[in-house]
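Asker: If you scroll down you'll find the structure; I have some questions about it.
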Amino acid sequence: MIIPVFKGFAMNRVTVNLQNCYGIKKLAKQFDFSQDRASAIYAPNGAMKSSFAQTFQDVANGTPSTDRIFPTRTSTRDITDERGNDLPKESIFVVRPYDEEFGHTEKTSTLLLDAKLRKEYEKLYLEIDQAKEALLKALKEQSHSKKPLEQEISVTFTSTDDDFYTALQRVKKELEDQKDAPFADVEYDTIFDEKVLNVLGTKDVKTALEGYIQRYNELLAASTFFKKGTFDYYNAGQIAKSLADNGFFAAKHSVNLYNGERLEIHTQKELEAVIAKEKEAIIKDKELRRKFDEVAKMFEKNVTLRDFQRYMLDHDAYLSQLSNVNKFKQDVWKSYLKVKYDFYLDLISKHESAQKRRKEIEDEAEKQRTQWEEVIHIFNDRFFVPFKLEVKNRIAVMLGNDSIIDLGFTYHDGDDNVSVLRDALLKCLSTGEKRALYILNVIFEIEVRRKAKQETLMIIDDIADSFDYQNKYAIIQYLKDVHDDLQFKQIIMTHNFDFFRTVNSRFVPYSHCLMASKNSAGITLDRASGIKNIFVNDWKKEFFSDDNKKIASIPFLRNLVEFTKGESDPKFAKLTALLHCKADSGNITVADLDDIFNDICGSTGVSANGTKPVVDVVKQAGKFCLESKSDAFESKIVLAIAIRLAAESFMIARISDPAFVAGIVAHQTQELFVRFKTQFPSETNAIEVLDRVQIMTPENIHLNSFMYEPIVDMSGDHLRKLYADALAL
C-alpha cells in the first residue's frame, strides 16, 4: 500500500469513470497524484480532449453531463477522490485552449491587499453598512415613505441622487443647532408625491397659493399671540405639547402671554385653549377659507391628489410652506433626522472615522507590492508580446470603490509607446498574442486559488496551441511553477507531441505520461512510449525483431545518410527507393536494409527474414497496422509509407509511361499526381483519394529528433481510413 506523500489533501488519487459524455463512449482511469502532482495526456484531435475538459467543466459548474450527439444515451460521470467522495466543484479549474470571454473577476481583487489590511477595511465598512441600515430603517418608520430614502435624501441636499454621505454631512451643523423637529410627523409620500409636486408647480396653483399665503400672513400679523415664522399656531401647539411632555407644568411653572396685558398660563390645557381660540379666529376667516378652497379644488383630479387634499384639510398649516417646496422638503428631512439624531450621529461618526483610516490604508497600500502586481510582473517578464500591462485603478479596488481591476495597456513599437484600450488592442494582435492575454487571466485565477489555499485539480486542454516557441516555453515554465505548489494537481492534455515531450522533460515524470487511443469501445489511456529519442531508445533496439519499427526507421536512416554523406551516397538512393516506387524498389531485401543499418549504427545484427523484399514487409506491416488499430508512432509511420507506395504503384500502372516515371528526379508523388489528373480527369474518386494522400502523407517523411512533423500528430484513424481507400484503388 502506497502512503500518500502529500498529507492533508484529498485528491492524492482521482478516479474517473465516464460513459457517454460528449462523445466519450467509455473512459476509466485512476490518476495517481500521491507521488507526483502532474499527468500529461497525448491525444490526437477528435479523440477525447475537449470532451474530457467539458465533463470536468460540468463538475465545476454543478451541471450534469450529456452526450450531445446521442442525447438519449444514459450518461455516467463518477469523479472521486481516494476516499470515494465526489470532487467538490470549487476544486476543479478547467483551462481551455482559448476563451476570450474568460477574464478576471471580483474575486481577483482579493489579490490586491494583504489579508490583515483587507480584513480591517472590510470590518470598517461592515460597521458603516450596519449603521446606515439602522438609520434608513428608523427614517422609514418616521416618514412612512415607500420611496428609496437614500436617493431621496441625496437629491434633497445635493444635485444628484447618489451622494448620500455628502448630503448627510451638509446638514450636520444645521442639525446640531436645530432645537426641535417641527415637521417630524409629515406624511412624506402624501405631500412629496410626484403628481402632487407637478400640480404645485403649475401657474394656477402657484397663484392660488400666493393668495392663500398672503392672507394667512395678514392674519398672523393681526394675531394677538402668533407671529409669522417664529410662533404660528403650529409652532405654538408643538410648544404646548413639548412643555407638558417635559413636566413643565407639573413642576408648577407657568407661561406668560401678552396681549396688551399679561396672561399667565398654569396648565397645558389652558395653553392649548388659548392657542385653539387664536387658531380658530384665523382658520374661520372667510377670506382665508375661500382662498384655501380655491387651492383645494385644484387637487380633485385623481386619487393621489385627493389624498393630498384631505391631508391638507387636517394640516392646513403645511400649506403655507408650499410656496418653497424645496425648502420645505429639506426642513422635513431635517425634522426626521433630528428625531432619529442618535442613529444619524452613529453613522456620521463611523463614516468620518472610516474616511480617515481609508487615507491611512491608502498610504500603506502604496508601499506594498501586491500579488496582483506579481501576476502582472510574471506576464510582462515571461511573455513576448508587443504590449505591457499595468493596473490603472489599483487603490480604488483595494478600498472597495471598484470591484473589478481596470488593466492599462501600453503598446510598444521600437522607441514609440502609446496607451491603448483593450478592445482596440485585441484588433491589432495576432492570434498567439490574444491567447497570451488569455493566459494572463488564467494566471489570475490560479493565484486567487493559491492565496485562498484552495486545493485544485487543473484540467488543461492544449493551452499552448498557436503560440510561438518563446511563449510556449513560458507557459510550460509557469505550469512547472504551479506544479511545485502542493495544493495543485494537473492533468495536461495536448495533441502536439513536441509540447508533450517538453512537459515530460521539464516536470511531468515518464510514468505519468499517457497516450489516448480511441476505439469502438471507448477511450483507453496507456503509458506513453518513445517520448525521448524514439529511434535510439526504442526502434534501434528492436530493429531486427520488430518489422513495424524496422520500417519506421527507414526515413530516419535516410536523414542520417543525407546529413552525413549527402544525397549522392548509394545508401541514400536505396533508402529513397523504399519510400518511393523506383525501378529497383522490389529488389531491395531486408538483408540489404540490415546492412545499411549496421553500417550507419556500427552494429552487426541480422533479421530472420533477410531474403524477403522490403516492399513486401511494408505491405504486411501496413495490413497489421490496419487491423490492430494501433496509434503507436511506428504504426503511423508504417501506414504513411504504405499509403504512399500503394498510391504511387496505382498511378504508375495507370499512367503506363516508364520513361516519364524514370525522368522524375524530385517530388515523385506530386509529379505523378499532376500527370494522373491531366490524363484521367474523369476519375474523380481516385483523384479525391490521391489528393488526400498528398495532404496527409508528407512528400518526404522526415522523422527528426524534434518529433514535430505532421505525421506524428495525425490521427491514426485517418491514416487507416486513407490506407484502406488507397488499397481499394
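Asker: Taking residue 521, is it touching a strand residue (DSSP E or B) at 6+ places or on another chain (Cβ under 8 Å) and over 12 Å from residue 40 (Cβ atoms)? Write out each step before concluding.
Answerer: Working: touching a strand residue (DSSP E or B) at 6+ places or on another chain (Cβ under 8 Å): yes; over 12 Å from residue 40 (Cβ atoms): yes.
Criteria met by residue 521.
Asker: Answer with yes or no whether residue 44 is touching a helix residue (DSSP H, G or I) at 6+ places or on another chain (Cβ under 8 Å), under 24 Å from residue 630 (Cα atoms) and not hydroxyl-bearing (Ser, Thr, Tyr). Even if it seems obvious, please write down each step before you answer.
Answerer: Details: touching a helix residue (DSSP H, G or I) at 6+ places or on another chain (Cβ under 8 Å): yes; under 24 Å from residue 630 (Cα atoms): yes; not hydroxyl-bearing (Ser, Thr, Tyr): yes.
Taking the combined requirement at face value, the residue satisfies it.
Let's see how each residue does on (1) part of a loop (DSSP other than H, G, I, E, B); (2) under 18 Å from residue 495 (Cβ atoms); (3) not basic (Lys, Arg):
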residue	(1), (2), (3)
40	no, yes, yes
45	yes, yes, yes
50	no, yes, yes
54	no, yes, yes
60	no, no, yes
69	yes, no, yes
72	yes, no, yes
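Asker: Just one of (1) over 55 Å from the mean Cα position of the chain (by Cα); (2) surrounded by 14 or more Cβ atoms within 10 Å (Cβ to Cβ); (3) on the phi > 0 side of the Ramachandran plot trips up residue 571, so point out which.
Answerer: The single condition residue 571 does not satisfy is (3).
Asker: Something else: Which condition from (1) assigned to a strand (DSSP E or B); (2) without any contact (Cβ under 8 Å) to a residue 60 or more places away in the chain is the one that residue 557 breaks?
Answerer: Of (1) assigned to a strand (DSSP E or B); (2) without any contact (Cβ under 8 Å) to a residue 60 or more places away in the chain, only one is false for residue 557: (1).
Asker: Related question: In the set 141, 152, which member is in a helix (DSSP H, G or I), modelled with pLDDT of 85 or more and exposed (fewer than 13 other Cβ atoms within 10 Å of the Cβ)?
Answerer: 141
Asker: Out of the residues in region 510-540 that are among the β-branched types (Val, Ile, Thr) and not in a strand (DSSP E or B), which is nearest to residue 22 (Cα to Cα)?
Answerer: Within region 510-540, the first condition is being among the β-branched types (Val, Ile, Thr), and the residues that meet it are 523-524, 531, 534, 536.
Those still in the list that are not in a strand (DSSP E or B) too: 531, 534, 536.
Working: 531: 29, 534: 33, 536: 39 Å.
Only one residue fits best here, namely 531.
Asker: In the list 556, 563, 543, which residue meets the criterion of being of a type in the set (Phe, Trp, Tyr) and either over 21 Å from residue 625 (Cα atoms) or surrounded by fewer than 18 Cβ atoms within 10 Å (Cβ to Cβ) (or both)? If you could, list the steps in order and put the result at the bottom.
Answerer: Working: 556 fails: either over 21 Å from residue 625 (Cα atoms) or surrounded by fewer than 18 Cβ atoms within 10 Å (Cβ to Cβ) (or both); 543 fails: either over 21 Å from residue 625 (Cα atoms) or surrounded by fewer than 18 Cβ atoms within 10 Å (Cβ to Cβ) (or both).
Every option except 563 fails the conditions.
Asker: Taking region 5-37 only, how many residues are at pLDDT 90 or above and within 16 Å of residue 91 (Cβ to Cβ)?
Answerer: Qualifying residue count for the region: 8.
Asker: How do the pairs read when you match residues in region 42-71 that are over 15 Å from residue 29 (Cα atoms) with residues anywhere that are part of a helix (DSSP H, G or I) and polar (S, T, N, Q), using Cβ under 9 Å and keeping only pairs 6 or more apart or on different chains?
Answerer: Partner pairs satisfying both residue conditions: 59/91; 60/91; 63/57; 65/54; 65/55.
Asker: Could you look through region 68-102, keep only residues that are modelled with pLDDT under 90 and surrounded by 14 or more Cβ atoms within 10 Å (Cβ to Cβ), and pick out the one that is farthest from residue 527 (Cα to Cα)?
Answerer: 102
Asker: Examine region 75-89 for a residue that is in a strand (DSSP E or B) and touching a Lys or Arg at 6+ places or on another chain (Cβ under 7 Å), and state whether such a residue exists.
Answerer: Of the residues in region 75-89, the ones in a strand (DSSP E or B) are 76-80, 86.
When the remaining residues are screened for being touching a Lys or Arg at 6+ places or on another chain (Cβ under 7 Å), the result is none.
No, every residue in region 75-89 fails to be in a strand (DSSP E or B) and touching a Lys or Arg at 6+ places or on another chain (Cβ under 7 Å).
Asker: Shifting gears a bit: Being under 23 Å from residue 331 (Cβ atoms), in contact with a strand residue (DSSP E or B) (Cβ under 8 Å, 6 or more places away or on another chain) and modelled with pLDDT under 80 narrows it down to one of 243, 200, so name that one.
Answerer: On the way: 200 fails: in contact with a strand residue (DSSP E or B) (Cβ under 8 Å, 6 or more places away or on another chain).
Being under 23 Å from residue 331 (Cβ atoms), in contact with a strand residue (DSSP E or B) (Cβ under 8 Å, 6 or more places away or on another chain) and modelled with pLDDT under 80 holds for just one of 243, 200, which is 243.
Asker: Same structure, new question: Can you pull out the helices (runs of 4 or more DSSP H) entirely within region 370-489 that have at least 3 residues that are modelled with pLDDT of 85 or more?
Answerer: Details: elements: 371-382, 394-398, 422-428, 431-451, 469-483.
In region 370-489, 431-451, 469-483 are the helices (runs of 4 or more DSSP H) which contain 3 or more residues that are modelled with pLDDT of 85 or more.
The values are calculated or read from the model by the stated rules, or taken from the named source; none is laboratory data. Since the model is a prediction, treat every value here as computed from it, not as a measurement. Reconstructed Cβ throughout: ideal geometry from the backbone, glycine too, with neighbour counts over all protein chains shown.
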